[in-house]
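Everything on this sheet refers to the single structure shown next.
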Amino acid sequence: MSNKLVILGAQWGDEGKGKIVDLLSEHFDVSVRYQGGSNAGHTVVINGVKYVMHLLPTGILHPHNVGVIAQGMVVDLKALKEEIEDIESKGNRILHKLYISDRAHVVMPYHKLLDKLLERKNGIGTTLRGIGPAYMFKFMRKGIRMVDLFDQKVFEKKMEENIEFVKDIAEKVFGEKFEIDTRYIEEEVVRPFEFFKDRVIDTAKWLRENTKSVIFEGAQGTLLDIDMGTYPYVTSSNSSALGLANGTGFSPKYFKDAKIYGVAKAYLTRVGGGPFPTELHGEEAEKLRERGGEYGATTGRPRRVGWLDLVALKHAVDVNALDGIILTKLDVLDGYPEIKVCVAYEYNGKIYRDFPASLEVLENCKPIYETLPGWKESTKGLTDASKLPANAKRYLRFIEDYIGVPIVMLSTGPQRHEYIFLKEIV
Ligand code: GDP
Ligand code: IMO
Ligand code: MG
């Protein structure tokens, strides 16, 4: 296996990245999250115990694996502290093998407030974790970084300026009275920081000097990438492979021998607003949502569901230069008499095979489907490729032929042992 492995989302997030990273990170010394924040919810089920990772890299659950929260992330310190306490309460000690970048930005309580206010106008359907505003402050050059928390004067000066700014927006744009009790900042940021103080370092330097093998765990997915996704219905970071260099602090050269795999569901889901050409509605949607247990791991919101969209998946293959796809939740399609797959879009009499940038096209296009026969047999928990039903194999081959890269691995259930390697992951 390559000593640099990238696992990221090839759709609109929630593809099952957590389960896959948990499984593969056993072979790595270090695991890194490099973008996003507590908007992520990566589920892992180990011996029947469920963990939902929000800010921590999933690999840290393995006793030997060191976790890194790299500079491209935006970190809610209180949420991170709670996440660690929850895992440690299940008997797994992790704090001593976590590093946090001194360049990572801090999600402040006023970012969460702004997220709520902005949602009223924008209706993106964000997770309300303050992610967009935290990145907005970063790019406005007003953000507070981990390193600033070491110097009380610097921190307080920046924070006071920011609070004035947020107050102006809240009152002048939204007509909301805005007051923030500094005790709240103390509780949400300053005190939790004390807990992490000795874990904050220059993570890029540490990684350059110490790492033998490393797994990079993307959050969200390629279709939520700020540049390559369904803008403006996206998250505020580069959640495709484009975020690797700036998110870690490594030159793109570093990744030239990395293997990059995209995780995709055998169908498709999205949470929040935005275009979804293959979306199902009514009873059909209800059935797929229930079968797949499609409720958000972070917010509990019901996920929108639909058929696999190969135009969108091919876009993810191309954007990330994927070495292959890891297909999850195949078991959810068991028993469907027929399975539809979108192979093109039609808009205003024009056929699209390349994923369009235009929101107008994405919102109003008609998906063109191929219908494939389903399978009656159960694939739930299968670990042997030779036992896959013939029509399931046919479905997989159809996908591979369209996207031009292999499906290297299948996931057949939420538990760690429910998988099949179809090709060697190298
Ligand atoms: P992530 O954000 O990409 O890590 O995905 P989530 O954890 O948000 O959502 C994936 C959900 O599917 C979780 O509840 C997983 O436990 C579950 N899951 C993962 N792989 C499989 C699979 O192959 N089959 C089934 N039935 N469930 C799966
Ligand atoms: P994981 O890592 C699915 C979605 C939100 C919203 C949009 C912007 O678990 O796959 P944000 O709070 O980021 O500003 O919201 O992005 N979103 C996700 N959808 N999985 C996620 O993470 C997501 N993180 C954000 O629902 O539509
Ligand atoms: Mg998730």
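Things worth noting here:
- Along the chain, counting only trypsin sites (Lys or Arg not before Pro) with a DSSP assignment other than H, G, I, E or B and at most 14 other Cβ atoms inside a 10 Å radius, the longest segment between sites is 213-352.
- The stretch 105-195: radius of gyration over Cα atoms, expressed as a fraction of 2.2 N^0.38 Å: 1.06
- Among beta bridges identified by DSSP and lying wholly in the chain, the antiparallel ones come to about 40 percent.
- Rg/Rg_globular for the stretch 32-110, with Rg_globular taken as 2.2 N^0.38 Å and Rg from C-alpha atoms: 1.04
- Gyration tensor (alpha-carbon) shape descriptor, the stretch 140-292, a/c threshold 1.5: oblate
- Within the listed set Asp14, Asp323, Asp384, the residue fluctuating most in the Gaussian network model of the chain (springs between alpha-carbon atoms under 10 angstrom) is Asp384.
- By accessible area, using a 1.4 Å probe on protein heavy atoms only, the chain has 49% of its surface on carbon and sulfur.
- Under 20 Å from the Val49 label point (7 Å along Cα→beta-carbon), backbone N, the stretch 5-38: 18-27, 31
- Span from the the stretch 223-263 Cα centroid across to the the stretch 364-412 one, whole angstrom: 26 Å
- Positive minus negative residues near Lys97 (Lys, Arg vs Asp, Glu; Cβ under 13 Å): -1
- Tyr295 long-range amide H proximity, modeled H, under 5 Å: Arg303
- Percent RCO, i.e. relative contact order, over the chain, from Cα pairs under 8 Å lying at least 6 residues apart: 20 percent
- Cβ-Cβ distance of Glu179 and Asn210, R₀ of 56 Å, FRET efficiency by 1/(1 + (r/R0)^6): the value works out to about 0.80.
- In Hz, Karplus ³J(HN,Hα) per residue of the stretch 304-311 (6.51, -1.76, 1.60; θ = phi - 60°; x = Gly, Pro): 6, 10, x, 6, 4, 10, 6, 5
- Nonlocal amide H pairs with Gly125, under 5 Å, H built at 1.01 Å: Gly273
- Residues whose amide H falls under 5 Å from that of Asp14, counting only those 5 or more places apart or on a different chain, are Gln220, with hydrogens built in the peptide plane.
- The 3J(HN,Hα) values that the Karplus relation (6.51, -1.76, 1.60; θ = phi - 60°) gives for the stretch 148-156 are, in residue order, 5, 6, 6, 10, 4, 5, 4, 4, 5 Hz. Gly and Pro appear as x.
- Shape descriptor for the chain: Rg over Rh equals 0.97 (Cα atoms; Rh from the Kirkwood inverse mean 1/r).
- Annotation: for a label point projected 7 angstrom from Cα along Cα→Cβ of Glu119, residues of the stretch 264-298 with backbone N closer than 12 Å are 272-273.
- Longest exposed-site-free window of the chain, the sites being GluC sites (Glu not before Pro) in a DSSP loop that have at most 16 other C-beta atoms within 10 Å: 180-376
- Difference of contour (0.36 nm per residue) and Cα-Cα distance, Asp384 to Glu156: 76.3 nm
- Subtracting the Cα-Cα distance of Lys423 and Leu128 from their residue separation scaled by 0.36 nm leaves 102.3 nm.
- Members of Lys19/Lys259; Lys19/Lys265; Lys112/Lys329; Lys350/Lys393 lying beyond 21 Å, as alpha-carbon distances in this model show: Lys112/Lys329; Lys350/Lys393
- Spin-label pair Lys376-Thr299: with each label point 7 Å from Cα along the Cα-Cβ axis, the two points sit 4.1 nm from one another.
- Over the chain: helical MRE at 222 nm, DSSP H runs n ≥ 4 each giving -39500 (n - 2.57), nearest 500: -8500 deg cm²/dmol
- Enclosed volume per residue, in Å³, of the convex hull spanned by Cα atoms of the stretch 155-215: 149 Å³
- In order through the stretch 372-384: 3J(HN,Hα) via Karplus (6.51 cos²θ - 1.76 cosθ + 1.60), integer Hz, x for Gly, Pro: 10, x, x, 9, 8, 5, 8, 9, 4, x, 4, 10, 10
- Full extension of the chain between Glu360 and Lys256 gives 33.9 nm of extra length, using 0.36 nm per residue less the Cα-Cα distance.
- The stretch 171-209 and the stretch 101-144 have Cα centres lying 12 Å from one another.
The values are calculated or read from the model by the stated rules, or taken from the named source; none is laboratory data. Just so it is clear, the model here is predicted, and its values are computed rather than measured. Using ideal geometry, Cβ is built from the backbone for each residue, glycine included, and neighbour counts are taken over all protein chains shown. We work out accessible area using only protein heavy atoms, side chains counted, and drop any ligands, DNA or RNA first. Shrake-Rupley method; radii C 1.70, N 1.55, O 1.52, S 1.80 Å.
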